[in-house]
Amino acid sequence: MVGACMTVIGLIRVVITIQKTNTLADDFLAVDAGLFLVSCLMSYWVLRRRHIGRMHRVERFADAIFIFALVMMAAMCGFITYAISFI
């Protein structure tokens, strides 16, 4: 998911350079990539824990961050589509 965010950021930067416009979508996608990374690292930490307790609270928090990042990515896709169609 981080790679998908980075690809879209690169494509947006190309469009911005060509059309001499600016948008906040690339900034939001950079935050989104960070959220995906945090979610992945938290999930990995929970899975690698050697104790019997699985830290369900951290696991649920990682899931919530992942879902929030997915919703944010979908919203940014809509925003990008809207912004590009009116440029």
Here the qualifying pairs (Cβ atoms under 9 Å; residues six or more apart or on different chains; first in the stretch 64-76 and within 16 Å of Leu41 (Cβ to Cβ); second among the aromatic types (Phe, Trp, Tyr) and buried (at least 18 other Cβ atoms within 10 Å of the Cβ)) come out as Ile65/Phe36; Phe66/Phe36; Ala69/Phe36
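Condition check: at pLDDT 80 or above, more than 20 Å from Val14 (Cα to Cα), of a type in the set (A, V, I, L, M) and within 14 Å of the chain's Cα centre (by Cα). Does Ala62 satisfy that? Give the derivation first.
Numbers: at pLDDT 80 or above: yes; more than 20 Å from Val14 (Cα to Cα): yes; of a type in the set (A, V, I, L, M): yes; within 14 Å of the chain's Cα centre (by Cα): yes.
Yes, satisfied.
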Please report, ordered by residue number, the helices (runs of 4 or more DSSP H) entirely within the chain with at least 2 residues that are among the acidic types (Asp, Glu). 25-48, 56-85
Subset of the stretch 20-48 that is surrounded by fewer than 13 Cβ atoms within 10 Å (Cβ to Cβ) and farther than 17 Å from Phe79 by Cα - its residue that is modelled with the highest pLDDT: Leu41
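The values are calculated or read from the model by the stated rules, or taken from the named source; none is laboratory data. Note that this is a predicted model, so its numbers are computed, not measured. FYI the Cβ positions are ideal-geometry reconstructions off the backbone, even for glycines, and counts take in every protein chain you see.
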